[in-house]
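Right, one structure below, let's go through it.
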């Protein structure tokens, strides 16, 4: 009979309470994101509008349903996707500093988007309404393939180079290489396309509506579902590849699966929201510190919740100007994410102990 000790049971209860607390914070951040903007809307009226009630001001209903709610949902999906992608990459490469933006995965997705945009003559500025449903799938597929290409190259190099610092340098070089290719492509593009692409690189959560939001939700939903199904292999990978193989785990197959999942999550977000940095690297470390575990049964839901919270808070900061314009989301995530990574490094002193 396998009985859990009182200490193990107590730790499980603590983690459940923390997850519940993260969920409450997510709900509060979502309401604040809906309330804050150029026009402030009372929280009680927001709740009334969301349940289908009539608002005292009809303009508030339009703002919530047509602008702020799609933007908030995009923040939740993007934050969860980037954070889970970062967690998977850190486990796959057994590298505490791995993340979509650090290893060039986001740059690869950006290259895929650039190829589609700069060769099709379509505009990516503003919103994605001009792309339509199938055009949005085309854009997402290009971003996923670009991310998968770079991630596969990094993984192939990782099989030969075991030094984490060297691997990070290689990832950054691959990212710079993709950016150089995009730069060459821009040289032969029209000024309007270059302008739209540069604006897109700043990152934005405010341009995804209707069918495009549905496409993002489908891809991210499938990626998160797949991530939940590989929790056990992720835990086994932490024990080392040789031990994982001795337990019957096909390391090669799980690598392919993780490449697909991480590319889906990071690529789809990059396609619609632009390159967003530091969420994928900072959030997994926060989850490990606060939950005091490396068990992916707890980390997967915690990272998804915290990633959504972080991007909602960043979205709130982008509205600080108090007008219709918003600050670039990529700049805000960097300003928040970089200090978090520095704090975790100083606090933990040895980030490799969980890998």
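The values are calculated or read from the model by the stated rules, or taken from the named source; none is laboratory data. Keep in mind that this is a model prediction, so the values were computed, not measured. Reconstructed Cβ throughout: ideal geometry from the backbone, glycine too, with neighbour counts over all protein chains shown.
Here are a few things to note about the model shown:
- Test: residue in the range 85-98 that is over 19 Å from the mean Cα position of the chain (by Cα), surrounded by 23 or more Cβ atoms within 10 Å (Cβ to Cβ) and either within 27 Å of residue 210 (Cβ to Cβ) or in contact (Cβ under 8 Å) with a residue 24 or more places away in the chain (or both): no
- Qualifying residues in the range 165-207 (those that are under 30 Å from residue 65 (Cα atoms) and in a loop (DSSP other than H, G, I, E, B)) - the one modelled with the lowest pLDDT: 207
- For the range 268-289, the condition of being free of Cβ contacts under 8 Å to residues at least 60 places away in the same chain, part of a helix (DSSP H, G or I), touching a helix residue (DSSP H, G or I) at 6+ places or on another chain (Cβ under 9 Å) and surrounded by fewer than 23 Cβ atoms within 10 Å (Cβ to Cβ) holds for at least one residue.
- Single unsatisfied condition, residue 123 versus (1) at pLDDT below 85; (2) surrounded by fewer than 20 Cβ atoms within 10 Å (Cβ to Cβ); (3) in a helix (DSSP H, G or I): (3)
- Hits in the range 301-320 - residues which are part of a helix (DSSP H, G or I) and more than 24 Å from residue 227 (Cα to Cα): 313, 314, 315, 316, 317, 318
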